[in-house]
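The values are calculated or read from the model by the stated rules, or taken from the named source; none is laboratory data. Please read these numbers as outputs of a predicted model, since none were measured by experiment. Because the Cβ atoms are built from the backbone with ideal geometry, glycine has one as well, and the counts that use them run over all protein chains shown. Surface accessibility is based on the protein's heavy atoms, side chains included, excluding ligands, DNA and RNA. Shrake-Rupley method; radii C 1.70, N 1.55, O 1.52, S 1.80 Å.
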Amino acid sequence: MPYLDSLNEGQRAAVEALDGPVLVLAGAGTGKTRVLTTRLAHLLHQGRARPYQVLAVTFTNKAAREMRDRVEQQIGGAVEGLWLGTFHALGARILRRHAEIVGLRQDFTILDADDQVRLLKQHLQAENIDEKRWPARALSGMIQRWKDKGLTPDKVSAGDAGDFANGRAVKLYADYQERLQTLNAADFGDLLLHCLTVFTEAEDVLKDYQSLFRYILVDEYQDTNVAQYLWLRLLAQEQKNICCVGDDDQSIYGWRGAEIGNILKFEKDFPGAKVVRLERNYRSTPQILAAASGLIANNEGRLGKTLWTEANQGEKLTVRGVWDGEAEARVVGEEVEALHTNGTSLDEIAVLVRAGFQTREFEERFITLGVPYRVVGGPRFYEREEIRDAIAYFRVVRQPDDDLAFERIINKPTRGIGKATLQVLHEIARATKRSLFASALDVLSTDELRPQAKRALATIIDDFERWRRLSKAAHHTELAETILDESGYTEMWQARLKKQADAAGRLENLKELISAMEEFDSLAGFLEHVSLVMENVESGQEEMVSLMTLHSAKGLEFDVVFLPGWEEGLFPHQRALDESGISGLEEERRLAYVGLTRARQRIDISHAANRRIHNLWQSAIPSRFIEELPKDQIEVTSEVGGYGGFGQYGGVNDGAGDAWGSPTIGGPGWQRFQKRRSEPKTIEGTAMPAGESESFAPSDRCFHQKFGMGTIEAVDGDHLTISFDHAGTKRVMAQFVAKP
């Protein structure tokens with residue numbers, strides 16, 4: 001057939017292996033989508049099955065549409081009746097036919113996430129459970145995780161339930177399911193869970209579908225969860241003509257229920273299965289493929305394959321040491337400008353970070369340089385909910401008549417100031433033509449509010465008055481930390497750590513916000529900067545640098561990829577190691593592999609010698625993943641010579657530095673380095689008492705713990721303008737600078 005002529009040997013073997021179970025291990029950039037669609041077209045063209053006898057499962061509606069379009073193009077006609085779609089779409093289609101078996105009618109409603117949370121809030125209220133302590137959204141997440149594992153309420157163990165609502169989570173789950181049945185509704189998790197119930201309780205229905213689906217095709221099999229795995233295995237038991245396409249080396253969604261074991265045990269589940277490896281890569285250079293293969297070879301939980309290509313050798317991967325995150329963003333910005341000047345489209349450049357908070361410094365650097373960029377898979381840093389909330393607190397302290405900011409955070413975290421109280425404040429504000437804050441001061445002397453609301457309003461007003469007084473004496477970063485702590489905002493997210501998947505990331509973003517404020521002389525200066533940044537929205541230009549997390553990058557490809565932040569604790573992320581041990585480390589390594597294999601031509605990896613954590617500078621060591629890269633495929637460079645570090649960072653070198661320029665953990669150099677980092681007032685052995693500073697004059701040479709050596713250009717009281725040798729011109733406080 002003509003559509004077979006363009007396939008390579010491995011792809012053609014996968015397409016033509018029509019009988020029995022087949023596992024296609026498709027490496028990154030090996031053309032798995034082409035294989036999947038061509039196999040489907042081949043089944044139909046050869047008359048092996050009618051369209052309605054084929055079940056083809058994808059993970060997104062977009063992928064399903066693209067597959068249908070390609071198949072119709074290959075066979076030269078429309079495909080009617082094909083069971084093609086996502087797990088949820090296909091599950092809903094089956095469930096509507098047999099809804100009565102699980103106590104529903106065919107016209108049942110499918111609830112979205114917000115509807116689900118609202119319904120669970122009603123249950124918590126009915127059970128007199130404090131929703132502030134045990135949030136409905138956290139319970140919703142627990143229930144969805146159980147459903148992803150195929151667990152109905154009677155199958156959830158006490159260990160799985162944990163201590164939510166003092167051990168009442170399973171009862172709440174059961175009550176919630178009963179209520180859904182009463183409402184003739186199902187949530188997304190039910191679409192497969194109910195199907196499993198239908199198949200196990202009505203064997204004749206299962207047999208009908210087993211006979212109907214002569215062939216089953218599954219995309220991204222490595223990302224399936226337990227419920228999806230059980231659903232597929234039941235449907236494939238009779239015909240056993242199931243073809244699963246996936247890559248065990250790109251399984252990076254364990255945190256949301258994906259089970260890599262599903263693909264690893266395929267041959268055990270389907271004895272006699274044929275395994276076809278797609279190893280010819282059409283995306284990346286040999287240098288990139290060798291580096292990625294060398295890294296992922298350190299994982300034990302994999303089936304194994306070796307990617308190769310006929311492309312030209314290409315450039316070696318650059319591994320670059322920098323002083324800190326700001327220097328990292330500066331270097332990347334300069335490289336992006338150089339690439340664009342030499343003809344590389346900005347659309348073909350991506351910066352892939354491990355954690356969302358890392359985007360802030362790159363966003364600000366791109367704005368400074370005038371480089372258009374887009375944040376893929378999420379909002380820009382200053383547009384994130386937790387950042388907007390924190391800045392709203394700061395705005396009210398700075399300007400109490402800022403009604404928009406005041407209204408945003410007056411009841412966040414919840415403190416008993418509801419819509420009724422706000423309505424009263426708005427009425428008074430309109431009548432008196434004053435701000436909401438001023439109206440709140442007025443209403444406290446009246447009896448217009450309920451006592452509980454009045455007490456809560458008085459407390460937050462007193463807090464703002466105290467923070468405003470504190471702002472006249474405290475450093476603005478200390479003020480910001482105090483506001484977030486005393487308001488309960490930080491505590492609100494800390495309380496959600498075990499119950500809400502994104503809580504840890506939001507806390508990291510708040511820490512990054514405090515770090516960002518350090519670069520400014522005052523709260524007013526920072527807030528003005530944020531206002532200007534927020535105005536810098538996408539202008540509709542065609543070319544933009546893509547900035548995103550590694551998780552968001554899966555399935556994408558670019559000519560040039562920057563991979564910043566390859567340091568222990570950040571990547572691999574310490575939380576993954578603490579929570580999941582070896583399996584967490586292996587998933588982090590797969591994430592690194594995904595990042596490497598996004599690039600066609602060039603990769604720049606960077607690691608910083610210092611990161612600001614909890615607003616304190618801490619030394620960092622390069623990621624173990626850097627040492628796992630084959631040395632023949634990388635070129636090591638550094639932007640920080642002379643900054644006063646160890647090894648390739650310059651300064652004292654007593655042999656304690658490792659091959660990557662960082663002091664070896666436990667060695668004498670490391671111990672002195674740690675001591676210097678924990679005593680920021682001690683520089684080169686000269687103690688500076690807290691609160692005191694040396695006298696400086698223009699042209700004096702000086703040393704700054706973060707920016708290194710520099711020359712003073714101007715003195716303005718306790719503020720110095722310094723031209724640093726490697727970091728450019730900065731305005732800093734004199735107490736943080738010493739004479740060499």
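Some points to look at:
- Solvent-accessible area, 1.4 Å probe, carbon plus sulfur percent, for the chain: 47 percent
- Cα-projected label distance for Arg430 with Thr414, points at 7 Å along beta-carbon direction, nm: 2.7 nm
- For the chain, a simple Cβ point-charge model (Lys and Arg +1, Asp and Glu -1, everything else neutral) yields a dipole of about 1500 debye relative to the Cα centre.
- For the chain, the solvent-accessible area of protein heavy atoms averages 43 Å² per residue (probe radius 1.4 Å; ligands and nucleic acids excluded).
- Low-density loop cleavage sites - GluC sites (Glu not before Pro) in the range 275-325, where at most 10 other Cβ are within 10 Å (DSSP): Glu300, Glu310
- Per DSSP, loop trypsin sites (Lys or Arg not before Pro) in the range 1-101 with at most 16 further Cβ within 10 Å: Arg48
- Only protein heavy atoms count here; under a 1.4 Å probe, Thr60 has an accessible surface of about 70 Å².
- Computed magnitude of the charge dipole of the range 1-65 (debye, nearest 20; Cβ of K, R +1, Cβ of D, E -1): 320 debye
- Computed magnitude of the charge dipole of the range 550-598 (debye, nearest 20; Cβ of K, R +1, Cβ of D, E -1): 160 debye
- Helical contribution to [θ] at 222 nm, DSSP H n ≥ 4, -39,500 (n - 2.57), averaged over the chain, rounded to 500: -13500 deg cm²/dmol
- Positive-end ranking of Ile417, Thr109, Gly505 along the dipole of the chain, with charges on Cβ about the Cα centre, is headed by Thr109.
- Amide proton proximity set for Val353, modelled H, under 5 Å, gap of 5+: Met548, Thr549, Leu550
- Residues in the range 4-34 that a label on Trp308 would reach, taking backbone N under 13 Å of a point 7 Å out along Cα→Cβ: 9-10
- Taking amide H as placed 1.01 Å from N in the peptide plane, the amide H of Ala608 sits under 5 Å from that of Val322, Gly565, Trp566, each at least 5 places away or on another chain.
- Fully extending the segment from Val275 to Ala697 would add 144.6 nm, taking 0.36 nm per residue of separation and subtracting the current Cα-Cα distance.
- Loop-located GluC sites (Glu not before Pro) in the range 28-114, at most 10 other Cβ atoms within 10 Å (DSSP): Glu80
- A protection proxy built from the mean count of other Cβ atoms within 10 Å ranks the segments 374-386, 319-331, 132-144, most packed first, as 319-331, 132-144, 374-386.
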